[in-house]
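The values are calculated or read from the model by the stated rules, or taken from the named source; none is laboratory data. None of the values given here were measured: they were computed from a predicted structure. Please note: Cβ atoms are built from the backbone with ideal geometry, for glycine as well, and neighbour counts cover all protein chains shown.
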Amino acid sequence: MSRIGRKPIAIPAGVNVTVDGNKVTVAGPKGTLDSTFHAKMAIAVEGGNVVVSRPDDTNESKALHGLTRTLISNMVTGVSEGFSKELEVIGVGYRVAKQGTNLVMNLGYSHQVIIPEVEGIKFECPDANKIKVIGIDKQKVGQVAAEIREKRPPEPYKGKGIRYVGEYIIRKEGKTGKGK
């Protein structure tokens, strides 16, 4: 049996979970999320917990069991605490700033890279070399952070570019001066 799937999801104070068949709506202090899950999965609110169960032991049901439980858990965490990803910009002259709701980045191109805020996602720039992506939907936060990183991925020689905080970049040795 799935060890993750059978764990109940505790509902914190201030969070309301509504189950309508296979549609789950989670409302909390930070916002509301709703999602539709596979029809095989049985989702129920029992006491102060959300419980996910599966009908049989087929491989598909086993996979969906843990996945469904984790997605609902992420929804509950998102509306109560929220999610964030931090990125750092490394390079001479590389900097970021927030203008209105847009993220404006100078990344060594001949132009500025401007990224508008997406619905449900906010940007923060604590200083000129840090970006914080904040939201209640874990998948959307990760996707927006990946799209920002892709504007100037870190290169392996000097390590310049946009990287996640704590990300390790494998460095390569440059050319040697041998010859002549």
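None of K132, K140 is at pLDDT 95 or above, charged (D, E, K, R) and not in a strand (DSSP E or B) except K140.
Checked against (1) small (G, A, S); (2) more than 23 Å from the chain's Cα centre (by Cα); (3) outside any helix (DSSP H, G or I); (4) not assigned by TED's automatic domain parsing to the domain that holds V144, G93 passes all but a single condition, namely (4).
Looking only at the range 105-128, count how many residues are in a loop (DSSP other than H, G, I, E, B) and surrounded by 15 or more Cβ atoms within 10 Å (Cβ to Cβ). Walk me through how you get there before you give the answer.
Taking the range 105-128 and keeping what is in a loop (DSSP other than H, G, I, E, B), we get 107-112, 117-120, 125-128.
Next, from what is left, pick out any that are surrounded by 15 or more Cβ atoms within 10 Å (Cβ to Cβ): 107, 117-118, 120, 125.
Going through the range 105-128 one residue at a time, the tally reaches 5.
Applying a threshold of 7 Å to beta carbon distances and a minimum spacing of six or more residues, or different chains, the list of pairs starting in the range 149-174 at a residue that is small (G, A, S) and ending at one that is part of a loop (DSSP other than H, G, I, E, B) reads G159/I169; G159/R171; G161/G91; G161/R152; G161/P153; G161/P154; G161/E155; G174/Y157. Within the range 129-149, the presence of a residue that is within 15 Å of V113 (Cα to Cα), in the same structural domain as V118 (by TED's automatic domain parsing) and surrounded by fewer than 12 Cβ atoms within 10 Å (Cβ to Cβ) is excluded.
Taken over the range 116-148, the residue count meeting the criterion of being in contact (Cβ under 8 Å) with a residue 40 or more places away in the chain and basic (K, R) is 3.
If the condition is being part of a loop (DSSP other than H, G, I, E, B) and touching a helix residue (DSSP H, G or I) at 6+ places or on another chain (Cβ under 6 Å), then the range 1-32 contributes S2, I4, G5, P12, V15, K30. Within the range 32-59, residues that are more than 16 Å from V79 (Cβ to Cβ) have Cβ atoms under 9 Å from residues that are acidic (D, E) and exposed (fewer than 13 other Cβ atoms within 10 Å of the Cβ) in these pairs: H38/E60; K40/D56; K40/E60, counting only partners at least 6 apart in sequence or on another chain. Taking the criterion of being in the same structural domain as N59 (by TED's automatic domain parsing), loosely packed, with under 13 Cβ neighbours inside 10 Å and of a type in the set (K, R), the only residue of the range 1-35 that qualifies is K23.
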